[in-house]
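Q: Pasting a structure below so you can have a look.
FYI, it's all coordinate maths here, none of it is from the lab. Bear in mind the structure is a predicted one, so any value in this text is a computation, not a measurement. Positions of Cβ are backbone-derived with ideal geometry, glycine not excepted, and every protein chain shown enters the neighbour counts.
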Amino acid sequence: MRNAHLSRVLLVAGCALVPWIVVLWFTASDAPEWRLAWVGFDTLEATGLLVSAHLLRRGGPRAAFATIATATLLFADAWFDVTTAASGFATSLALAVALELPLTAVCVLAALQALAEPTPPFQPAPTRSLAGQEVQAPNNGEQYMTPYDAQQPAAT
């Protein structure tokens, strides 16, 4: 699967979690003390999925960090859903096997692909003004020198 496809999968999953979060907020009456914890956790997952989708679409190695963090959240959610399910064990297990764990695998695959992408070549920063003096960004292996460094004697 290419990054554009993986990005779409994560985008759809993140958007699909939003209505689920609203439903969870209003229906989690069997354990009201856990409502904020589960809604907050699912909100983190949705945010992670949407950020991962955005970074995958942009490309670059930063997408790997977001997708690995999201995979970790999804795996933890599956684990705690199954291990803390009192009455709905079968439903929790089915959701973990059918949705959360495959989505975890998609996130890991996306992270591996993001890390395998070649990074764009380094582009030096434009010239900036530092303490009223123009400082040229390093170029062609030259060392960066600040006005402070220029006043210090060279080390031998």
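Q: Set the Förster distance to 25 Å, then compute FRET efficiency between R58 and C15 from the Cβ-Cβ distance, nearest 0.05.
A: Numbers: r = 18 Å, r/R0 = 0.73.
The computed FRET efficiency comes out at 0.85.
Q: Take V18, V9, V39 and order them by how many other Cβ atoms sit within 10 Å, fewest up front.
A: Working: V18 13, V9 20, V39 17.
Least crowded to most crowded, the residues run V18, V39, V9.
Q: Can you tell me the Rg and Dmax of the stretch 3-116, counting just the alpha carbons, in angstroms?
A: 14.3, 45
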